[in-house]
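Since the structure comes first, as C-alpha cells, the remarks are kept for the end.
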Amino acid sequence: MAAHNDLGKRGEEIAGAYLTNLGYKILNTNWRCARAEIDLIADQGGTIVFVEVKTRSSVDYGQPEEFVNYKKERQLEFASSVYIDMKNHQGEIRFDIIAIVFENEHLYKINHIEDAFWPS
C-alpha cells in the first residue's frame, strides 16, 4: 500500500477512536455506494453522522479540511441518501469533517468540524 494510503488509514482509525471516546457509536467504516465512499458513519444519540476524514503529514499545501471540495460534498450527499433509505432512518443527520495533521509519527492534532457542510 502506498504511504499516503497508510497515512489515510491511520487517520481513519484515529478518528474512529476519537469519536468512540466521545460517546459516538461507529456504525460503518469505509462504506461504499457506487463511486462514493463515506469514511465513517456514526450514531450520536440518534443522529446519524457522516464523517469525512482528511489526514496530512503537513499543512504546506493547506489545512486538510480545505480539501473537502464541492465534488466530494456531492458524493457524500449521494451516498448518505442511499444509506438513509437503506436503513430507513427517520431522524437527524449531520456531516462532519475530522482533519488530522501529523507533526511526527506519534504526535498529531485533530480538528473536528461538526456540521461542516449541508447538502444542497
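The numbers here are math on the coordinates, done by the rules we state, and not lab data. Just so it is clear, the structure is predicted and the values come from calculations on it, not from any experiment. Every residue, glycine as well, gets a Cβ built from its backbone with ideal geometry; the counts of neighbours run over all protein chains shown.
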Between SER120, SER80, ILE98, whose Cα lies farthest towards the positive end of the dipole of the chain when Lys and Arg beta carbons carry +1 and Asp and Glu beta carbons carry -1, centred on the Cα centre? SER80
Size of electric dipole in segment 3-113: Cβ of Lys, Arg +1 and of Asp, Glu -1, about Cα centre, debye, nearest 20: 220
Can you list residues from other chains, or at least 5 along the same chain, whose modelled amide H is less than 5 Å from the amide H of LYS54? ILE98, ALA99, ILE100
Which of ILE26, GLN63, LEU107 sits farthest toward the positive end of the charge dipole of segment 3-113, with +1 on the Cβ of Lys and Arg and -1 on the Cβ of Asp and Glu? ILE26
Between helix 70-87 and the chain: long-axis angle, C-alpha atoms, 0 to 90°, nearest 10: 40
So what are the ³J(HN,Hα) numbers for segment 48-59, from phi and the Karplus equation (6.51, -1.76, 1.60; θ = phi - 60°), rounded to whole Hz, Gly and Pro as x? 7, 10, 9, 10, 9, 9, 10, 10, 9, 8, 6, 10
Excluding ASP43 itself, what net charge comes from residues whose Cβ is under 14 Å from its Cβ, given Lys and Arg +1 and Asp and Glu -1? +1
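Which value, in debye to the nearest 20, describes the size of the charge dipole of segment 58-109 about its Cα centre when Lys and Arg Cβ atoms bear +1, Asp and Glu Cβ atoms bear -1, and nothing else is charged?
So the dipole magnitude of segment 58-109 works out to roughly 240 debye.
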Sum -39500 (n - 2.57) across every DSSP H segment of at least 4 residues in the chain, then divide by the residue count to get the 222 nm mean residue ellipticity, nearest 500. -10500 deg cm²/dmol
Looking at segment 28-69, which trypsin sites (Lys or Arg not before Pro) are DSSP coil and have at most 14 other C-beta atoms within 10 Å of their C-beta? ARG35
Residue-count net charge about LYS72 - beta-carbon cut-off 14 Å; Lys, Arg +1, Asp, Glu -1: -4
GNM on the chain, Cα springs under 10 Å; top mean-square fluctuation among ILE84, ILE38, ILE110 goes to ILE84
Once exposed loop GluC sites (Glu not before Pro) are cut out (DSSP; at most 12 other Cβ, 10 Å), longest piece of the chain: 1-91
Long-range share for segment 3-113, i.e. C-alpha pairs more than 24 Å apart as a percent of all pairs, stands at 23
Exceeding the 23 Å Cα-Cα cut-off - candidates LYS87/LYS109; LYS9/LYS71; LYS54/LYS87: LYS87/LYS109; LYS54/LYS87
Counting other Cβ atoms within 10 Å of each Cβ, which chymotrypsin sites (Phe, Trp or Tyr not before Pro) in segment 39-108 have at most 11 and sit in a DSSP loop? TYR61
